[in-house]
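What follows is a single structure, written as structure tokens, with notes after it.
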Amino acid sequence: VTPAWPEIYAFYESQNNVMIASLRIFITKHIDELTDISELDDTQKELLANSALLTSDFEMSVYDKLIKIFDGVTFKDANINSVDNAHFKSLLCANMLPYSTYYTTTIRDNHSDVLTYYVDKYLDECIIEIEELPTDMRLYKYLMRNPRVIGEKALSVVQHFLPHIVWDNELANITLPVVKNNIEKFDYDTEKNILVDSTNLPERLSFLIDLIEKYRDDFDIVTELIESLGDSYRSITDKSKKATIENNHMNEMFLGKLKTIGYISSYREDDDKLRVSHKRNY
């Protein structure tokens, strides 16, 4: 065999289209001489590419050169179970693995360590078929921090993962903006869990103001929501105490909303404090 693709293909064909070890060794030895594959037709290229690239038998340095040689070949719903993570990344970067439901589920089930690379490359397609993605919280965090996951995409992600979330500070913080922007699409338990576990006070207060508007006709729920902010706000719900909170813009907006719905009668500034009248309009 001379180091030219027509001769390599003839030998490969004589071996029943199997990339035997001696042929891999020969290709590895002569890889820098094998840059021109133009003498092969498309079918021959695809057969060789399948045998050479859908395994992890070639070292990465040789494998990446083979990818360049077979540029333009794509594998549609091919068996990738013999491709390890490093080789898989090279195939993906070279646009040799197009998006498909088959690849999504195969990668989900057998190549979970490289799933994020696949999802990032085919983000729009993966979110359209989000039911095929796993509900792993690492993937959820990855998606929610992706600057391309906004608007309806972010809503789809939250709705897919929501039944599987066990709330903590981090998950509440990354989920809050989406729930706030789509407040009518979520239930009270979800909203309250996020409010309780979120640690960003300005965002919590802004979210709470929206929730107060949503539940303005149910003062019991409004009381629960206020109490979820912690002790510094709890006194607002107790008519027997003189409630004061820090004087800042967000707190003033919060008290303004409570006054608007009739939960408190008034509030006033007192230096660095806002003093609340506990008289209720009910």
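Here C93 passes the criteria (1) within 30 Å of V166 (Cα to Cα); (2) surrounded by fewer than 16 Cβ atoms within 10 Å (Cβ to Cβ) except the one numbered (1). When we screen E246, E184, E191 for residues that are surrounded by 14 or more Cβ atoms within 10 Å (Cβ to Cβ) and among the charged types (D, E, K, R), the only hit is E191.
Would you mind stating whether D84 is without any contact (Cβ under 8 Å) to a residue 24 or more places away in the chain and surrounded by fewer than 16 Cβ atoms within 10 Å (Cβ to Cβ)? Break it down stepwise before answering.
Values: without any contact (Cβ under 8 Å) to a residue 24 or more places away in the chain: no; surrounded by fewer than 16 Cβ atoms within 10 Å (Cβ to Cβ): yes.
Taking the combined requirement at face value, the residue does not satisfy it.
Screening F26 with (1) more than 30 Å from R145 (Cβ to Cβ); (2) of a type in the set (F, W, Y); (3) in a loop (DSSP other than H, G, I, E, B) gives one miss only, at (3).
Taking K68, is it on the phi < 0 side of the Ramachandran plot, of a type in the set (K, R), surrounded by 15 or more Cβ atoms within 10 Å (Cβ to Cβ) and out of contact with any helix residue (DSSP H, G or I) (no Cβ under 6 Å at 6 or more places or on another chain)? Criteria not met by K68. You will find that of T105, T55, T135, the residue that is over 17 Å from the mean Cα position of the chain (by Cα) and of a type in the set (S, T, N, Q) is T55 and no other. In segment 249-282, the residue that is surrounded by the most Cβ atoms within 10 Å (Cβ to Cβ) out of those that are touching a residue at least 24 places away in the same chain (Cβ under 8 Å) and among the aromatic types (F, W, Y) is F254.
Laboratory data are not the source of any read-out in this text; all were calculated from the coordinates shown. Bear in mind that the values here come from a model prediction, so they are computed numbers and not experimental data. Glycine also receives a Cβ, built like all others from the backbone with ideal geometry; neighbour counts cover every protein chain displayed.
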